[in-house]
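The values are calculated or read from the model by the stated rules, or taken from the named source; none is laboratory data. All values derive from a computational prediction rather than experimental measurement. Note that we place each Cβ from the backbone using ideal geometry, even for glycine, and neighbour counts take in every protein chain shown. Quick note on the areas: whole protein, heavy atoms, side chains included, nothing else; ligands and nucleic acids left out. Shrake-Rupley method; radii C 1.70, N 1.55, O 1.52, S 1.80 Å.
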Amino acid sequence: MLGTLRSGADVTVRGARGGWVEVTLSGWIFERSVERNVRDGFDLGVSASGGENLRAEPNGRVLARFRTGTLLERIATRGDWIRVRRRGWVPRSAIAREVETAEAPGRRARAGAPNRRERARPALARGDSTPPDTTPPIQLATAGTRLVEEARVQVTRSTAVHAAPDAAEMGTLQPGATGRVLGRAGEWVRVQLEGWIRAADVGPPSDGALVGVSAAELRAEPGRYVGQLVEWRIQFIAVQEADELRSELPAGQPFLLTRGPLPEPGFVYVILPRADAERFRALPALQELVVHVRVKAPRTRYLTTPVVELASVVSGLPGK
């Protein structure tokens, strides 16, 4: 369990499965109650003994209380306070009303039109370093709702590991191996595993791509990563063309609108060679890809969305 949400707390619904709903909440936490902890796409962890409150504003209304050790994503700072974000699962019965949570598979975003969740956001005030998420929120109806992570699972038989559904095999897991579920797609489950291998058996990737760089790290240290080649796992949404809201891309430039880098909840703009645009248009919505991309900008003028340029597709495309 990550913590407890208060009745009336605003959350953004991201998905649903059975009796559970995946939500994102954001708010402010006291800087002295967290510490740097770069892991699993997050960059902070709650360090205060006994946990800490998440508030709507600095010294404002309490939205939730996180347990010690809960990982968080930093999205803004204001004096002694840090604005953070976290995803988790709550019982469906805790949600006050239902909203449309995601574009149905097979439907594509209109070319050139921003997705509902990534429209331009208002100018900043009071020194905030990152624009707020303006996705229409809903409210929790039940007091003391638990915010939980996906369950841990155990491999019950020898099974192949794939970079994406129906992609080439990467290796084999033996019975008894354990991992944490990050997501599901039909008959597939995305898991996160940890283990040890001999140092003599590993080396840098042949193309020098950096692995494990989060979008939060990119925004925090742009000078370190802009121009670098990184390996990211992303979820395809649509092929679009750049407009005036995306001044970091040449006008009319085709790009992929994607979610990621997974498991982070944000978006990534992936610049495409024009000759490749049609090949990607044939992909089904929500297809996961593992790609090597070169970082062009840590964010756009209006959004926290990184801009990268496609170098190669590791897996996820037909034939990969």
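Structural remarks
- Across the stretch 27-42, the number of residues qualifying as in contact with a Leu (Cβ under 8 Å, 6 or more places away or on another chain) and either assigned to a strand (DSSP E or B) or modelled with pLDDT of 80 or more (or both) comes to 9.
- Taking first residues from the stretch 43-70 that are over 18 Å from TRP89 (Cα atoms) and of a type in the set (Ser, Thr, Tyr) and partners that are open to solvent by 60 Å² or more (accessible area, probe 1.4 Å) and assigned to a strand (DSSP E or B), the Cβ contacts under 9 Å between residues at least 6 apart in sequence or on separate chains come to SER47/GLU35.
- In summary, PRO204 fulfils each of the numbered conditions (1) more than 21 Å from MET170 (Cβ to Cβ); (2) modelled with pLDDT under 90 with the single exception of condition (1).
- Matching residues, the stretch 25-41, being in contact (Cβ under 8 Å) with a residue 24 or more places away in the chain and more than 15 Å from ALA76 (Cβ to Cβ): ARG32, ASN37, VAL38, ARG39, ASP40, GLY41
- Assessment of the stretch 58-68 against the conditions (at pLDDT 75 or above, hydrophobic (A, V, I, L, M, F, W, C), under 19 Å from the mean Cα position of the chain (by Cα) and under 22 Å from ASN37 (Cα atoms)) yields no matching residue.
- ALA215 vs. criteria at pLDDT below 90, among the hydrophobic types (A, V, I, L, M, F, W, C) and surrounded by 22 or more Cβ atoms within 10 Å (Cβ to Cβ): yes
- Test: THR172 is surrounded by 11 or more Cβ atoms within 10 Å (Cβ to Cβ) and either in contact with a His (Cβ under 8 Å, 6 or more places away or on another chain) or at pLDDT 85 or above (or both): yes
- Of the set (1) without any contact (Cβ under 8 Å) to a residue 40 or more places away in the chain; (2) open to solvent by 40 Å² or more (accessible area, probe 1.4 Å), all apply to ARG299 but (1).
- Screening PRO165 with (1) at pLDDT below 85; (2) open to solvent by less than 60 Å² (accessible area, probe 1.4 Å); (3) in a strand (DSSP E or B) gives one miss only, at (3).
- Any chance VAL84 is at pLDDT below 90 and either under 21 Å from the mean Cα position of the chain (by Cα) or over 15 Å from ILE29 (Cα atoms) (or both): no
- Tally, over the stretch 249-293, of residues that are open to solvent by 10 Å² or more (accessible area, probe 1.4 Å), closer than 12 Å to THR305 by Cβ and free of Cβ contacts under 8 Å to residues at least 40 places away in the same chain: 1
- Qualifying residue in the stretch 235-255 (condition: closer than 22 Å to ASP40 by Cα and of a type in the set (A, V, I, L, M)): no
- Any hit, the stretch 308-316, residues being in contact with a Pro (Cβ under 6 Å, 6 or more places away or on another chain) and under 26 Å from VAL191 (Cα atoms): no
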